[in-house]
1. If R0 is 30 Å, what FRET efficiency do you get for Arg425 and Glu355 from their C-beta distance, rounded to 0.05?
2. I need the phi-derived Karplus couplings for region 144-161: 6.51 cos²θ - 1.76 cosθ + 1.60, θ = phi - 60°, integer Hz, Gly and Pro marked x.
3. Give me, ordered by chain and number, the residues 5 or more places off Gly458 or on other chains with an amide H under 5 Å from its own placed amide H.
4. Among the chymotrypsin sites (Phe, Trp or Tyr not before Pro) in region 423-518, which ones are in a DSSP loop with at most 12 other Cβ atoms within 10 Å of the Cβ? Mind listing them?
5. What does the charge count around Val221 come to, taking other residues whose C-beta lies under 14 Å from its C-beta (Lys +1, Arg +1, Asp -1, Glu -1)?
6. Check Ser382: other-chain or 5+ apart residues with amide H under 5 Å from its amide H, H built from backbone geometry?
7. Compute the separation of the alpha-carbon centres of region 1-60 and region 463-479 and state it in Å as a whole number.
8. Report ³J(HN,Hα) in whole Hz for each residue of region 500-507, in order, from the Karplus equation J = 6.51 cos²θ - 1.76 cosθ + 1.60 where θ = phi - 60°; Gly and Pro get x.
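Just so you know, all these numbers are worked out from the coordinates, no wet-lab data involved. Values in this document were obtained by computation on a predicted structure and should not be read as measured data. Here the Cβ positions follow ideal geometry from the backbone for every residue, glycine too, while neighbour counts run over all protein chains shown.
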Amino acid sequence: MTIRFDAGITAVTVYPGQARITRSGEVALSAGEHRVTIGGLPQYLHADSIRVAGIGRATVLGVDVRTEHHHRTQDAPLGELEERRDSLHAALQELGDRGSVLDARAELITTLGRRVGSTFAQALAKDETDPARVAQVGDALAEQLAEVYARRRELIDSVRTTQAELDEVERRIAGRQGQRLPDTTAIEVELAVAADGDVELEVSYLVDSANWESRYDVRLVGTKLTLTWYGLVTQHTGEDWPECDLRLSTARPATSVDVPELAPWYLDVLRPVPQASRKSMSASEGHDMQRGFGMAGGAAMPAAAAPGGYSPPPPIAESYASVEHGEAATVYRPSRLVAVPSDSSAHRTTVATIELSAELDHVTVPLVGTEAYLRATATNTSEHTIRPGRASIFHDAEFVGVTNLAAWAPGEEVELTLGIDDRVRVERDLVKRSASKAVLGGTRRQEATWQIKVSNFGPRPARITVVDQVPVSRSESIVVRDLVLKPQPTEQTDIGEVTWKLTVPPAETGEITIGFRVDVAKDVTLTGWRD
């Protein structure tokens, strides 16, 4: 006996790129064997991922998956949109027909007016008609023509409004992936029921075209860093998710979990292929490749989250997701139910808020730009592994920009760039430059000196890292001499990068001097010089 069973979505676990859907419900069954069908499921669900469980005096004998063919989509919201689209197309056609009728009527009235005017003109010339009659007929024709033009203007407005509504409906259809096939998938569960009664079935399966990604607000207040983590859930699986038990998992389900093995890496001597056999080999290889791609294509699954005693009210509180840590993944469960329709729109839920202590300093690279970037060094003291994602940066309540956070494990220390701090001003000026002609041995000489000034207009001492460069010669004919670096840099690399770490008190300025001389051999053209 086959029974159609309507099992609603009760839980969804969203992964980065996929989702596991759980449907459940009760069905009354008599003793004996039954085939319970759960239909209307996404066409491209992963058949290998289907799991059946439940409660009741029944035994699962088997699970089959089949395709249900339909002439129209079984997605009810999408079906309503398509019906609305069709009716709007029909309305536009009707408006077009009415426009054609009005155009023909306007042409008829215009032609009639020309003919009547000619007839009346001849009659007036012969004094065979009353001028008042001529005026009466002319006014009647003009009134009818004006009415036609007015109706045509109203028609144009109706066409514009209808077309705008049609465009909006088509955008919504596109958002629901309206180009997919109307066919669906059905799961058939064969049950052996021991006694009459209700059986609770739970079916779960994996689908593609679902995703959750991380977004962050990073707010700096004093030396405290508050990181608010949001999960953005999107999906276009073909079925709307109602308000249910939604979970966000960092796991990555895979079609294969085998550890990859390396093939041998052979080195050999190139052996030219005889010209006569090259064409035949290319043809046979091409045939084999096409045949191989065809097999792969057929097997692949289509691709388819206060003063005066006044007590101010407390700030609005936020709810956060509960967290479950596993061996290789973490699952976040939002504190509220979230419905996610299949329209590719993003739905945001708060995952966690993390309070961190930060050490603040500034970084500037005057050679590239005179901006001073505020930087925070913080250790992740929470239990959460921060996933990569885009972060909005705030200083107190002021938005200052966006950045990208990399993966950040518990206990790991990272440096976060928190935007430009205009309270630190940087200048880099060329204070000396000279060039001399050939001297001893025909050597030419070029000298340059730069001065960097770093001013702190903030309320507290600023620790500032200044990064600059000195040239490095790549030829024996070019020698860099008399290098002057004041004060002594904290670090200097072999490629000419020089780093100073300054502490500048409020309302004071730190200075750095960079100077050097370059000797160039006779008849050598110097490249790479810059002011």
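1. On the way: r = 32 Å, r/R0 = 1.05.
For Arg425 and Glu355, the calculated efficiency is 0.40.
2. Couplings: 5, 5, 5, 5, 4, 4, 5, 5, 5, 5, 4, 5, 4, 5, 5, 4, 5, 5 Hz.
3. Those qualifying (amide H under 5 Å, at least 5 residues apart or on another chain) are Ala507.
4. Details: sites: Trp450, Phe457, Trp500, Phe516; in loops: Phe457.
In loop regions of region 423-518 (DSSP not H, G, I, E or B), there are no sparsely surrounded chymotrypsin sites (Phe, Trp or Tyr not before Pro).
5. On the way: positive: Arg219, Lys224; negative: Asp217, Glu355, Asp396, Glu398.
Counting the neighbours of Val221, the net charge comes to -2.
6. Under 5 Å from the amide H of Ser382 lie the amide H atoms of Gly411, each far enough along the sequence or on another chain.
7. Answer, in whole Å: 68.
8. 10, 10, 10, 10, 10, x, x, 6
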